[in-house]
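Heads up: the structure comes next, in structure tokens.
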């Protein structure tokens, strides 16, 4: 099968679609990628690329990648993000038909985190090639716009809903990364198009990598203390105030550290709170490449994931949940909904309500009181659950099965 992987984001940006493309190729399928110029997350075009002009290169030696011009995100903000999103739509509609005119596809797989508008340039390609269009929905629009405060005007949100309905109408299959997405997506599309297909993680690739050498100060802290590690974006959606409050409430526990690994819009606020409250048990480790995460996780006493107490976030399974499960360390999930359900179902750790810092602190205390063997059993249970539900090679085979079945069903009704 020939598959066009369509995404605004792709290598050298760090997204799971990179590994999925590689795994599809390894299973014997021909993979072609259509994307933009890399600039995520810092908003600056990566070295070796330029914002203007089209470009063709090879990923992992034999996967052709076609890139169209893109206005970078710059420092973020509503206007910069909007222009970034629109530039990909415009460039995609302008350039992809000619760049890909000599290539035919059996299926087009659209990787669709925000914004859903990135799927628009794939629609003319579907019409020209008669390929099966599958959109892998990673974020809920327009709900996420309202929840993050990006758009508050009800009329604008209603218009975005009309746009989403139109995009979904052209899709043959809508893959959703969370079972809880099915209901919200069904408000804008036929239910028979929707198929649950979880995000996954390529542990085979990371297993073959040499461990990244961590800074001695961080490594010493991880080894010498009971470290509760949060990794990822330090932003408003992650409810980092809950982590700060919890750190304050466990300051009496000797040798326990709350370690935040990453960066984001709330980092300076966290830094200020650490100073104002005198939180010597709160460690801001900074941002590290994805290759360093397994080594950080390996030395953590437990791993924590948090989100805001918003309805939309109860539908979402944060990507770090899969990474935490794969690491085989106990997890504290301060989440509502689907993410917490998975951690509980896996028997991988403890859960509490989103933005409940007192409950989060109590979870830390409970894990701290456990024996090392008890914590190890939680981690092992999570690892087994990951291998069954989220391991990428297994999930890639399932993706192929879904596409082949959906394509066969479509042919049978023609």
Rounded to whole Å and ordered largest first, report the semi-axes of the equivalent ellipsoid of the chain derived from its Cα gyration tensor (root of 5λ). 37, 23, 22
Take the eigenvalues of the Cα gyration tensor for region 40-153, scale each by 5, and report the square roots as semi-axes in whole Å, largest first. 25, 19, 12
Run lengths n ≥ 4 of DSSP H only: what is the helix-derived mean residue ellipticity at 222 nm for the chain, with -39500 (n - 2.57) per run over all residues, to the nearest 500? -13500 deg cm²/dmol
Considering only C-alpha atoms, what is the centroid distance from region 186-258 to region 330-346, in Å? 13
Just need the relative contact order of region 205-389 here, percent rounded to a whole number, with Cα pairs under 8 Å and 6+ apart. 22
Label-point separation in nm, residue 182 to residue 27, each point 7 Å along Cα→Cβ: 2.1
Candidates 334, 348, 224; GNM for the chain (alpha-carbon contacts under 10 Å) flags as most fluctuating 224
Need one number: the % of Cα-Cα pairs in region 1-97 sitting beyond the 20 Å mark. 35
Would you please state the base-10 log of I(q)/I(0) at q = 0.13, 0.15, 0.20 1/Å for region 258-387, with intensities from the Debye formula using one equal scatterer on every alpha carbon? -0.54, -0.74, -1.31
For the chain the mean separation of alpha carbon contacts under 8 Å (6+ apart) over residue count, i.e. relative contact order in percent, is 12
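None of the figures in this text is laboratory data; all of them are computed from the coordinates on show. None of these values were measured; they are calculated from a predicted model. All Cβ positions, glycine included, derive from the backbone under ideal geometry; neighbour counts span all protein chains shown.
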